[in-house]
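Student: Dropping a structure here in structure tokens format, bear with me for questions.
The values are calculated or read from the model by the stated rules, or taken from the named source; none is laboratory data. Just so you know, these numbers come straight off a predicted model, no measurement behind them. FYI the Cβ positions are ideal-geometry reconstructions off the backbone, even for glycines, and counts take in every protein chain you see. Please note that ligands, DNA and RNA were not included when accessible areas were found on the heavy atoms of the full protein model with its side chains. Shrake-Rupley method; radii C 1.70, N 1.55, O 1.52, S 1.80 Å.
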Amino acid sequence: MIVGQALRDRDRELTVFRSRLMLAGLLIIIAFALLLARFTWLQVVQRDYYHTLAEANRISVVPVVPNRGLILDRNGAVLAANYSAYTLEITPSKVANVDRAIDELGTLIEVSARDRRRFRKLQEESKNFESLPIRTRLTEEEVARFAVNRFRFPGFEIKARPFRSYPQGEVASHAIGYIGRINDADVKRIETQGLNANYKGTDHIGKLGIEGSYEKELHGVTGSEQVEIDAGGRAIRSLARSEPLSGNNLVITLDLKLQKVAEEAFQDYRGALVAIDPRTGEILALVSKPGFDPNLFVDGIDPQNWDALNNSPDKPLNNRALRGQYPPGSTIKPFMALAALDLKKRSPEFSISDPGYFTLPNVAHRYRDWKKDGHGMVNMHKSIVISCDTYYYGLATELGIDAIHRHLVKFNFGSRTGVDIDGELTGNAPSTEWKQERFKQRWFTGDTVSVGIGQGYLLATPLQLAVATATLANDGVPVHPHLLRSVQDSRTQEMRPVEASALEAAVVKPEHLALIRSAMVDVARPGGTAARVGANAGYAMAAKTGTAQVIAMKQGEKYDEKRVKEANRDHALFIAFAPADDPKLAMAVLVENGGHGGSTAGPIAREVFDYYLLGKVPAKRPKLGEDEPEEHD
Amino acid sequence: MISRIFDFLSRRIDGPLMAALALTIALGIVVVYSASGGSSLERAVGQGRNLAVALLALWIFAHIHPQLLMRLALPVYVVGLGLLIGVALFGEIRNGARRWLSLGFTTVQPSEVMKIAVPLVLAWYFHRREEGLRMRDFALAAVLLVLPVALIVRQPDLGTALLVFASGFFVIFLAGLSWRVLGAMVFAGAASLPFLWSVLHPYQRQRILTLLNPMEDPLGSGYHIIQSTIAIGSGGILGKGWLNGTQAQLDFVPERSTDFILAVFGEEFGLVGNLLLIALYVLIIARGFMIAASASTVFSRLAAGAITLTFFTYAFVNMGMVSGILPVVGVPLPLISYGGTALLSMLVAFGILMSISTHKQLVSS
């Protein structure tokens, strides 16, 4: 009975076991069928989708950055070049503690405080997955020393990168400009221009000057390389490559040697000089003193240098030639005289008797001439040669501000000259309309009086003055200043000269111009305000001096410049072209706080003319503005 | 002479099972070679060495009589449990989990031992209670099962805990636990899901969330799954060819020679390869079921059945996880993945299966 029971239990147990085993078997079949269904889904139905993903995983399109075009002066001297150097870069997101890692790096290769500051500044300006340079221009030895210890520095990488260099340093820095790392504003501009693809891999962009304005020519076309990469992003092999197209080389109109002469002629003064070939509009020298070293900007400027440049009272970053707006002072007088001739308000012979001041009817205020006792009888020729203020006070009031405005605009006062680098300011050629708009105020006749001698609301940039002077030199035909001379196509090596602008009609009558030009020639002759500037030149120079008041004088106060602080001294101006009968160079010079045009700005112009026309380099340069000449302006 | 040696070696070896195992393991070494970069024999040779040790263990266990195994079951279980408690008290922490116990000369992972000890001790228990199983017996069995599982969960090692639980549960299931209780367990399990969720470690929860939506964190927790499904899917029907899987060879598949080796295999051998692998697994499981069905004692039956089902569980969980239908748990692909411990414990289990297969005549006669 018990055995039977046991047997029956055993049988039952076996039956249960086997049926459960069968059930398990069934579940296993279902499970495997499920897996097979999943595999079929992935490998048959979705295969193309996953294939695409796998290809996208392994193939990376790496941009190949083109070489940036060179910048050369008109004679082929290199102003901006490229070289390749090793940099050590850090991707902050891949480094746990960047500061500590840099400390450790410092035990291996030199990391200066400046490097650190610059890196920190870059870090603030960039996304933390970007690779940023901590050290640039590593020596072979430093590269080797780092390579051996590489494993200690995850997130650090040595890269061979092309660098921009400006071999001339500060010389012509405002014309050449510089490149810098692409910032958020640049990114936006690139995006709106639809150039994103071409800037993949590029991390520098032209910021100012030629570098900024001709970015498109200089950048070139980015190539690409299809690379097979592994999961760590390391390139395994190249699959295909399309070569980049280097940027075009630019030959600019500057003459480096002339530029150097002009910059040196400024000695320690601040100011600007623009020298133009009046026949072509080519700018041969563009000076804004002080300059800056554009090389500082290439790898990202460190905060110390930046502060020094940015906060310097001398404002070295300000391009005075294009952006400095100064009262033109007496240099405006030839243009005023031309307006009067054109409107027949003055004949050449008409003379005034100059008592040394000018008064408006029924107004007590005396507008003073620079010469206390006046110049005696003054006609138009003499008014320019000795720079008589009284003559122009009256002339201007008779013309009226709106007529003056109409005539000055012909010479490009009050609007941009259209020079081919950015940042130019307009200056100001005032009118009744302008004053109404700007100050909601009507124009007073008194306002016109000071405009007559280039003061008051009248403002011009040195470039505008140079362009107006060049127009005089070019027989009154408008001159369009430019810095680009030709473009060398990187594909064909062909030189494409910049197209000459269409010939325009003269804006003044030739007989009027002849009168003014002869007066300007006499300015640089004995008896003229720039007699010393023109002395023994060996060529005839047509010139006009000018002084721009920095502070207004009180009525009756004797102007004593020795007692006025240096910063409040007048700006010295000088415009000129030479040779007077066949002008090859027209120029405007401004010396900030230089005193009188004849004493500081004039000698600078003379040096530049001497070099350009005669090939003369001054052996010894007397200190500018030292022995005060007798002529005054 | 040669035939005598062969006879000596194969006396306790189950022919069909051995053949299926050998094919699968050979395939595994081929895949490990590819998964380790396809240029160095280091891992393939290493796996060969692991295999030699594991085969020796299989051969030895095949010679241990099931009766002896049954008698050893309880002592091994008790020692294993002791070691687990030791781990909980003095264990070494590696990768944030307390799983290893230092014995002075070596470190052991007692949870590995329990993968075999738990089904054996339960089989032994039901064997002793052969006559008339009552609810109380099942309750006691449940205690034997839950104790080690709870200790392993605490380590924490949810993957191993689940596998140990499964291996023991299979014994209870095969022993004939009533459907009512089974149903109640399933219900209780479902009801306790929210509670389980709350005791899961954050990384474990993340794995489950990742399964549901891997794209949520494609470079973090979703990366494994995304890359392995891309590998498998891009393999297509015929695969990209041995050593030619781009996902595998370029390192996109993580842990490609261990837990995620199926992604390498599926990419290089395609759907056809996957079918072949499943077929081999089905052969092994079918043979295991035949051995279990014809085993002569309750212990043998339950042990053989549970071992086979556990093997299936490994295969299914791994394939499911790599193909993205199960959460990521650290389970290797049985007989294929690189790694000595997993292969050793797997072949020890198959040694026991062979012992059961080749010793049944003696018992029944």
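So that you can scan it fast, the table gives a plain yes or no per residue for (1) under 20 Å from residue A:588 (Cα atoms); (2) touching a Leu at 6+ places or on another chain (Cβ under 7 Å); (3) hydrophobic (A, V, I, L, M, F, W, C):
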site	(1), (2), (3)
A:310	no, yes, no
A:330	yes, no, no
A:350	no, no, yes
A:379	no, no, no
A:385	yes, no, yes
A:396	no, no, yes
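Student: While we're here: Got a sec? Which of A:38, A:47, A:58, A:74 is of a type in the set (Lys, Arg) and closer than 30 Å to residue B:309 by Cα?
Tutor: A:38
Student: Could you run through the range A:1-39 and say how many residues are facing chain B (nearest Cβ under 7 Å) and at pLDDT 85 or above?
Tutor: Qualifying residue count for the region: 14.
Student: Output yes when any residue across the range B:17-24 is on the phi < 0 side of the Ramachandran plot, assigned to a helix (DSSP H, G or I) and over 20 Å from the mean Cα position of the chain (by Cα), and no when none is.
Tutor: There is no residue in the range B:17-24 that is on the phi < 0 side of the Ramachandran plot, assigned to a helix (DSSP H, G or I) and over 20 Å from the mean Cα position of the chain (by Cα).
Student: Would you check which residues across the range B:246-274 are in a loop (DSSP other than H, G, I, E, B), within 9 Å of chain A (Cβ to nearest Cβ) and not charged (D, E, K, R) and list them?
Tutor: Selection gives B:250, B:252, B:253, B:254.
Student: When you check residue A:99 against the structure, is it more than 11 Å from chain B (Cβ to nearest Cβ) and under 30 Å from residue B:292 (Cβ atoms), yes or no?
Tutor: no
Student: Taking residue A:213 as the residue in question, decide whether it is among the polar types (S, T, N, Q), in contact with a strand residue (DSSP E or B) (Cβ under 8 Å, 6 or more places away or on another chain) and closer than 30 Å to residue B:249 by Cβ.
Tutor: Criteria not met by residue A:213.
Student: Here's another thing I want to ask about it. State all residues of the range B:160-172 that are crowded, with 21+ Cβ neighbours inside 10 Å and either within 14 Å of another protein chain (Cβ to nearest Cβ) or within 11 Å of the chain's Cα centre (by Cα) (or both); if no residue qualifies, say none.
Tutor: B:160, B:163, B:164, B:166, B:167, B:169, B:170, B:171, B:172
Student: A further question on this structure: For residue A:424, all conditions in the list (1) of a type in the set (Asp, Glu); (2) closer than 30 Å to residue A:209 by Cβ; (3) assigned to a helix (DSSP H, G or I) hold save one; what is the number of the exception?
Tutor: (3)
Student: Also, quick follow-up: So is residue B:30 open to solvent by 50 Å² or more (accessible area, probe 1.4 Å), free of Cβ contacts under 8 Å to residues at least 40 places away in the same chain and farther than 18 Å from residue B:345 by Cα or not?
Tutor: no
Student: Please note which strands (runs of 3 or more DSSP E) are completely contained in the range A:199-317 and include at least 2 residues that are surrounded by 17 or more Cβ atoms within 10 Å (Cβ to Cβ).
Tutor: The qualifying strands (runs of 3 or more DSSP E) are A:204-206, A:223-229, A:249-252, A:271-277, A:282-289.
Student: What's the number of the only condition in (1) over 30 Å from residue B:121 (Cβ atoms); (2) within 12 Å of chain A (Cβ to nearest Cβ) that residue B:316 fails to meet?
Tutor: Of (1) over 30 Å from residue B:121 (Cβ atoms); (2) within 12 Å of chain A (Cβ to nearest Cβ), only one is false for residue B:316: (1).
Residue-by-condition table, conditions (1) free of Cβ contacts under 8 Å to residues at least 40 places away in the same chain; (2) open to solvent by less than 50 Å² (accessible area, probe 1.4 Å); (3) among the hydroxyl-bearing types (Ser, Thr, Tyr):
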{"position": "A:53", "(1), (2), (3)": "yes, no, no"}
{"position": "A:58", "(1), (2), (3)": "no, yes, no"}
{"position": "A:78", "(1), (2), (3)": "no, no, no"}
{"position": "A:88", "(1), (2), (3)": "no, yes, no"}
{"position": "A:101", "(1), (2), (3)": "no, yes, no"}
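Student: Among what's in the range A:540-569 and is part of a strand (DSSP E or B) and either among the hydrophobic types (A, V, I, L, M, F, W, C) or modelled with pLDDT under 65 (or both), pick the residue that is surrounded by the most Cβ atoms within 10 Å (Cβ to Cβ).
Tutor: It comes out as A:543.
Residues are listed down the side, and each one gets a yes or a no for (1) under 20 Å from residue A:320 (Cα atoms); (2) touching a Lys or Arg at 6+ places or on another chain (Cβ under 6 Å); (3) at pLDDT 80 or above:
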position	(1), (2), (3)
A:579	no, no, yes
A:586	yes, no, yes
A:593	yes, yes, yes
A:605	yes, no, yes
A:611	no, no, yes
A:616	no, no, yes
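Yes/no matrix, rows are residues, columns are (1) within 24 Å of residue A:219 (Cα to Cα); (2) surrounded by fewer than 20 Cβ atoms within 10 Å (Cβ to Cβ); (3) touching a Leu at 6+ places or on another chain (Cβ under 8 Å):
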{"site": "A:64", "(1), (2), (3)": "yes, yes, no"}
{"site": "A:67", "(1), (2), (3)": "yes, yes, no"}
{"site": "A:85", "(1), (2), (3)": "yes, yes, yes"}
{"site": "A:98", "(1), (2), (3)": "no, no, no"}
{"site": "A:107", "(1), (2), (3)": "no, yes, no"}
{"site": "A:112", "(1), (2), (3)": "no, yes, no"}
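Student: Against the conditions (1) open to solvent by 10 Å² or more (accessible area, probe 1.4 Å); (2) free of Cβ contacts under 8 Å to residues at least 60 places away in the same chain, where does residue A:159 fall short? Just the number, please.
Tutor: Just one mismatch for residue A:159, condition (2).
Student: So, one more: When you scan the range A:449-456, do you find a residue that is open to solvent by less than 40 Å² (accessible area, probe 1.4 Å) and among the polar types (S, T, N, Q), even just one?
Tutor: Within the range A:449-456 (the criterion being open to solvent by less than 40 Å² (accessible area, probe 1.4 Å) and among the polar types (S, T, N, Q)), the answer is yes, since at least one residue qualifies.
Student: Checking the conditions here, which among A:170, A:130, A:124 is without any contact (Cβ under 8 Å) to a residue 12 or more places away in the chain and not basic (Lys, Arg)?
Tutor: Only one candidate qualifies: A:124.
Student: May I pose another question? Of all residues in the range A:370-394, which are at negative phi, open to solvent by less than 60 Å² (accessible area, probe 1.4 Å) and under 39 Å from the mean Cα position of the chain (by Cα)?
Tutor: Listed by number, the residues that qualify are A:383, A:384, A:385, A:386, A:388, A:389, A:392, A:393.
Student: Note down all Cβ pairs under 9 Å where the first residue falls in the range B:323-341 and is closer than 21 Å to residue B:279 by Cα and within 14 Å of another protein chain (Cβ to nearest Cβ), the second is among the aromatic types (Phe, Trp, Tyr) and assigned to a loop (DSSP other than H, G, I, E, B), and they're at least six residues apart or on different chains.
Tutor: Close Cβ pairs (under 9 Å, with a partner that is among the aromatic types (Phe, Trp, Tyr) and assigned to a loop (DSSP other than H, G, I, E, B)) amount to B:333/B:260.
Student: How many residues, within the range B:275-295, are more than 8 Å from chain A (Cβ to nearest Cβ), crowded, with 17+ Cβ neighbours inside 10 Å and either in a helix (DSSP H, G or I) or within 16 Å of the chain's Cα centre (by Cα) (or both)?
Tutor: The number of residues fulfilling the criteria is 8.
Student: Only helices (runs of 4 or more DSSP H) wholly contained in the range A:449-539 count here; list those with 2 or more residues that are more than 13 Å from residue A:575 (Cβ to Cβ).
Tutor: Output list reads A:510-523, A:531-534.
Student: Which numbered condition trips up residue A:73, out of (1) more than 8 Å from every other protein chain (Cβ to nearest Cβ); (2) of a type in the set (Asp, Glu); (3) out of contact with any helix residue (DSSP H, G or I) (no Cβ under 9 Å at 6 or more places or on another chain)?
Tutor: So the condition that residue A:73 fails would be (3).
Student: Still on this structure, please answer the following. Take the residues in the range B:229-245 that are touching a residue at least 40 places away in the same chain (Cβ under 8 Å) and within 8 Å of chain A (Cβ to nearest Cβ); name whichever of them is surrounded by the most Cβ atoms within 10 Å (Cβ to Cβ).
Tutor: B:232
Student: Another question about this same structure. Give the residues of the range A:322-359 that are part of a loop (DSSP other than H, G, I, E, B) and at positive phi, sorted by residue number.
Tutor: Answer for the range A:322-359, where residues must be part of a loop (DSSP other than H, G, I, E, B) and at positive phi: A:344, A:356.
Student: Report yes if residue A:436 is open to solvent by 20 Å² or more (accessible area, probe 1.4 Å) and not in a helix (DSSP H, G or I), otherwise no.
Tutor: No, not satisfied.
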